[in-house]
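What follows is calculated from the coordinates using simple rules that are stated; it is not laboratory data. Since we're looking at a predicted model, the values are computed, not measured. All Cβ positions, glycine included, derive from the backbone under ideal geometry; neighbour counts span all protein chains shown.
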Amino acid sequence: MSAKAVSCTIKSPVALQIGDAVSDSSRPGVYITDITLAEPVNIQEISFKNYYTAYVTVRLQRRQGGSAKWVTCLRNYCLMSNPHAEAGSHDYFSIYRHQMLTEPDSVTTVRLILRQPSSEWLNFSIEEINIYPCAKEDSERDVPAWISTLTPVEEPLDLNGLPDPETVSSSIQQMWALTEIMQASQTAASIGRFDVDGSYDVKLLSYT
Amino acid sequence: MRKAQVNWEKRILKSLNSMCTELGIPLARKRPVPEQNELTNKWNEMGTDEPDLSKFRPVYAPKDFLEVFVGLKNPNNERSEDLTVRSHWGLIQVSLNGRDIPQMREMYPELGLTYGQLGIDDHTHVPPDLFESEHIHIGKKVVSEQDSAAAQQYSRQGCPTGLRAQLWSLILNTTNDPEAITHYEQLKARVIHHDLLVDNLIYKDVKLTASNDDYYFVFEDYLYQVLLCFSRDTAVLEHFNYNCASPPKSCMQSKSGSEQCAVVYPPNGVIPFHGFSMYVAPLCFLYNEPSKLYSVFREMYIRYFFRLHSVSSHPSGIVSLCLQFERLLQTHLPQLFYHLREIGAQPLRIAFKWIVRAFSGYLSTDQLLLLWDRILGYDSLEIVAVLAAAVFAFRAENLMEVTSLASAEAVLADLSTLKVMPLLQIFLFATSV
């Protein structure tokens, strides 16, 4: 399904706030993170781990022809249904191609706009960002060597005194059918033994 | 929160280990044969056997557990020390999601003023034709159809006393078929073969709590029979799949002496605490066969009660329930909350013991069973937190006049005269929002 993630450089998040970032005591509610890709990619999936971000907007810079254009492919995607509460704050998310407003093809830069309107949280960000490209239809993966060396024609086997494979396989099939019947008729109840060989002499509990 | 749970478990293990070394009693041992025979003979009257329990102490009490939550702090959370209108005045400082009253009105419509309730409309001065007889008639139909989903929906308006036992076992999907009886007999055999330190903790707990209770002391023997078997039931280990807690383990030498294996101690992975036997006691009013009583208790434990003593963010978990209680109080009774805070009587310190036991031992039994009907009906413990807030609302006038924690506790010491359903109805549906 997903190939390896494409290598990318993730820049450190830039806060958007009114006033001087250093001296102002209020915390920013918007961060912008840019991710530059080494070469234009058709994106299949963007996955990340959330850390207290409430909404994320994804913008892509696509290279078409000679020009680069910015498009919004996901607007205010909700990660935490209640920005003041913990639910969704540490969850893993994946954004797929089919969820996006525009086709994420030939993408050179991905811009993530993170918003957290609640004043409850000191920091918010997203981590472990991975971008997965579309699987190519004409795969250039090498065919493993052993496939090409399969014997194409059934040669008559030299038995050397062993029994005929056909009779052996039919009797094995019968045995297999018997074991299936046995398995199907087992009860769901477990035996539930807690002792080991009849003894249960416990001295101390272990801390692990 | 996972870290807090892990640390809490370590503390319990240390406490149990130190008790074990101090008293010189092994955590588990095989009983010698004469002792096994003696126990088999005394199985139905274990209450008469008074082992020396003076040196045992409970591993922990609910108030120790409360201190764990009070210390739960999210490092990413902005918490100023000032008491403002916006800040949370209570002890729980974790921001979990909770429902407010309008949302609860949508969640619990069957508790509304226009629905009939057992606990309100079965009062002697209300003619039974208005609600009660029809409700009992429907109940009989549900039982005869053996419909589990209908039973759950039905119990939201209360279960009639005569049908409650069958309805609860329908909802919990417990049967009294030969398999269940055999399982119980197996557990009984295991109690006879092996002696666990945890047994003494159970004895001590029953003697301290249920035996001293006017309603439950008659069931002392049943409690031993259920709880001792419960400790040896490895099927309970499955609930750790959805419980953030983990069972305590120990290393043991196998009989051949060649390898060390890890075993779970106690076999069901649950270490009882002070008040644990109160989860079983009310059920003794419903079931008189030990195997049936046992199945129902075990099912209730692995569905609901385990959430009351492990640290998790689940909406029915104890942390969420406490937070819900504090939020309801701060939103709807702010003057009372502020007053209690000022005199050093944080409301949760009083209400915690009610919530952790789901009110068992504090309400009178018929009222408690009506409350537990709704827990089963709505498949959630949230109603316990709502009731705690409703009790404070009911006694608000008296509480506004107290000046110390001790007098606040005295006002709320006796809940045995309270009627649960009117309190819930008024709090949920007659409070102005």
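Things worth noting here:
- The protein assembly as shown: C-alpha gyration tensor shape, a/c 1.5 cut-off, then a/b vs b/c: oblate
- Taking 0.36 nm per residue of sequence separation and removing the Cα-Cα distance, the B:Asn288/B:Val218 pair yields an extension gain of 24.0 nm.
- On the principal axes of its alpha carbon atoms, the range B:181-307 extends 52, 30, 29 Å, with the longest extent given first.
- Rounded if a/c under 1.5, otherwise prolate or oblate - the range B:76-221, Cα gyration tensor axes: oblate
- The chymotrypsin sites (Phe, Trp or Tyr not before Pro) of the range B:160-264 that meet both conditions, a loop assignment by DSSP and at most 16 other Cβ atoms within 10 Å of the site Cβ, are B:Tyr242.
- Share of pairwise Cα separations in the range A:13-116, more than 19 Å, in percent: 49
- By the rule of a C-alpha distance below 16 Å, with chain neighbours fewer than 8 residues away ignored, the aspartates and glutamates paired with B:Lys419 are B:Asp121, B:Asp122, B:Asp366, B:Asp373.
- Placing dummy labels 7 Å off each Cα toward the beta-carbon, the span from A:Ile129 to A:Tyr207 is 4.2 nm.
- Values of log10 I(q)/I(0), in the order q = 0.14, 0.17, 0.26 Å⁻¹, for the range B:125-184 under a Debye, Cα-only, solvent-free model: -0.43, -0.58, -1.03
- A Förster radius of 22 Å combined with the Cβ-Cβ distance from A:Ile18 to B:Glu78 puts the calculated FRET efficiency at roughly 0.70.
- Remark: the Cα gyration tensor places the range B:1-78 in the prolate category, a/c being 1.5 or greater and a/b exceeding b/c.
- For the range B:210-285, applying the loop criterion from DSSP together with a ceiling of 15 other beta carbons within 10 Å to the GluC sites (Glu not before Pro) yields B:Glu259.
- Cross-link pairs exceeding 31 Å in C-alpha to C-alpha distance, out of A:Lys203/B:Lys73; B:Lys140/B:Lys204; A:Lys11/A:Lys69, comprise A:Lys203/B:Lys73; B:Lys140/B:Lys204.
- Across peptide A:79-91, the mean count of Cβ atoms from other chains lying within 10 Å of each residue's own Cβ comes to 3.
- B:Glu397-A:Ile172 FRET efficiency (beta carbon distance; Förster radius 60 Å; 0.05 resolution): 0.15
- Calculated log₁₀ intensity ratio I(q)/I(0) where the Debye formula runs over C-alpha points of the range A:41-89, q = 0.29 Å⁻¹: -1.11
- Stokes-Einstein diffusion of the range B:382-433 at 37 °C, 0.692 mPa s viscosity, Kirkwood radius from Cα pairs, rounded to a whole number: 280 µm²/s.
- When only Cα pairs below 8 angstrom with a gap of at least 6 residues are kept, the range B:223-300 shows a relative contact order of 34 percent.
- Alpha-carbon centroids, the range B:393-407 and the range B:123-196: separation in whole Å: 39
- Other protein chain C-beta atoms within 10 Å of residue C-beta, averaged over A:119-130: 2.
- When the alpha carbon gyration tensor of the range B:69-152 is reduced to an equivalent ellipsoid, the three semi-axes, largest first, read 44, 17, 11 Å.
- With a Förster radius of 60 Å applied to the beta-carbon distance between B:Glu409 and A:Glu180, the computed FRET efficiency rounds to 0.40.
- All aspartates and glutamates inside 15 Å of A:Lys49 as judged from Cα atoms, apart from same-chain residues fewer than 8 positions distant: A:Glu86, A:Asp91, A:Glu127, A:Glu128
- Highest-first packing order for the peptide set B:289-300, B:33-44 is B:289-300, B:33-44, based on the mean count of other beta carbon atoms within 10 Å.
- Working note: Debye formula, equal point scatterers on the alpha-carbon atoms of chain B, no solvent; log10 I(q)/I(0) at q = 0.06, 0.08, 0.12 Å⁻¹ is -0.27, -0.48, -1.07.
- ³J(HN,Hα), Karplus 6.51/-1.76/1.60, whole Hz, each residue of the range B:388-396, x for Gly, Pro: 4, 5, 5, 5, 5, 4, 5, 9, 4
- Stokes-Einstein diffusion for the range B:316-411 at 25 °C, viscosity 0.890 mPa s, with a Kirkwood radius from C-alpha pairs, works out to 180 µm²/s.
- Report note on the peptides B:113-123, A:165-175: ranked by the mean count of other C-beta atoms within 10 Å, highest first, their order is B:113-123, A:165-175.
- The range B:322-363 residues near the modelled B:Ala61 label - backbone nitrogen below 16 Å, point 7 Å along Cα→Cβ: B:349-357
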